[in-house]
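Right, one structure below, let's go through it.
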Amino acid sequence: MVINDISPRYSALIDKLKHSDKKRVLFICLGNICRSPAAEALMQEVVDEHQSGAHWTVDSAGLGDWHVGDQPDPRMRAHARQRDLQLNHVCRQIRESDFDDFDLIIGMDASNISRLNDLAPTVEAKDKIMPMAEFFGDYSRFDHVPDPYYDGAQGFETVLDILTDATRNLYDTISDR
Ligand code: 4NP
C-alpha cells in the first residue's frame, strides 16, 4: 500500500526517491543481527518479486560492533526460515561512507534515529534518515520495530510481521511515479 500520511518533514526525500531510477536503501538497527538483516531480506524479496533488481540496492548495518562478521541471530534465522525467507547477511557496522553510498537510511526505533543523526557527517546526510515506522500500514498501532533480542519467540514473529508490512509499503510508496 502507498503510505499517504508520511510526515511532511520527509516529503522532499520521498519525492526525490520516487523520481530516482536507482534507489539505494540501507536498514539500520542496533546489532545488525535481528531486525535490519530481516528488513534487508524482506525488501530484497519484494524487489525481486517486481523484477526491479536493476533499480534497487538493499543492504543493512548495525550501530554497534559486537557481532561484526556474524551471521544473523539463529532465532531470527529460524523464524525467517519458517516463512521461506533466507537471511544471508554478514553483520557489519555502519561507516561514514554509507551516508554517501545510500539514498535512504532507515532506523528501526527512536534510539537508532538519534544515533544516526549524531553520526551523519553533513546536513545532506541527515536528510536521508527516516524511521521505519513511517511505512507502517497494518501495524500503525506500533511506533517502532521492537528489539526482539531479549524477547521470546513471539517477539521475532512480531518483528517479521511488522517488517513484511513496512517493506512492501516502502516499495509501493517510493516506486509510485
Ligand atoms: P538488533 O537486535 O538491533 O535487532 O540486531 C540486537 C542484537 C544484539 C544486541 C542488541 C540488539 N546486543 O546487545 O548484542
- Message: Among the listed residues ASP70, ASP65, ASP59, identify the single one that is away from the ligand (no atom under 11 Å from the Cβ) and either closer than 17 Å to VAL25 by Cα or out of contact with any His (no Cβ under 6 Å at 6 or more places or on another chain) (or both).
- Response: ASP59
- Query: open to solvent by less than 40 Å² (accessible area, probe 1.4 Å), touching a strand residue (DSSP E or B) at 6+ places or on another chain (Cβ under 7 Å), in a strand (DSSP E or B) and within 15 Å of the ligand (Cβ to nearest atom), is that true of SER36?
  - Reply: no
- Item | Looking only at region 129-163, and only at residues there that are without any contact (Cβ under 8 Å) to a residue 12 or more places away in the chain and not in a loop (DSSP other than H, G, I, E, B), the one that is nearest to the ligand (Cβ to nearest atom) | GLY155
- If we keep just the residues of region 93-108 that are part of a loop (DSSP other than H, G, I, E, B) and open to solvent by less than 30 Å² (accessible area, probe 1.4 Å), which is farthest from SER175 (Cα to Cα)? ILE94
- Message: Just the residues that are surrounded by 12 or more Cβ atoms within 10 Å (Cβ to Cβ) and either in a helix (DSSP H, G or I) or basic (Lys, Arg) (or both), please, taken from region 115-128.
- Response: ARG115, LEU116, ASN117, LEU119, ALA125, LYS126, LYS128
- Query: List pairs: first in region 66-89 and within 20 Å of GLU157 (Cβ to Cβ) and open to solvent by 80 Å² or more (accessible area, probe 1.4 Å), second basic (Lys, Arg) and near the ligand (Cβ under 10 Å from one of its atoms), Cβ under 8 Å, 6+ apart or cross-chain?
  - Reply: none
- Looking at THR173, is it in a helix (DSSP H, G or I) and in contact with a Lys or Arg (Cβ under 9 Å, 6 or more places away or on another chain)? yes
- Could you grab me the full set of residues in region 133-177 that are open to solvent by less than 10 Å² (accessible area, probe 1.4 Å), farther than 17 Å from ILE105 by Cβ, in contact with a Phe, Trp or Tyr (Cβ under 7 Å, 6 or more places away or on another chain) and not aliphatic (A, V, I, L, M)? PRO148, ASN169
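The values are calculated or read from the model by the stated rules, or taken from the named source; none is laboratory data. Just so you know, these numbers come straight off a predicted model, no measurement behind them. Neighbour counts run over all protein chains shown; Cβ positions are idealised from the backbone, glycine included. Heavy atoms of the whole protein, side chains included, go into the accessibility calculation; ligands, DNA and RNA do not. Shrake-Rupley method; radii C 1.70, N 1.55, O 1.52, S 1.80 Å.
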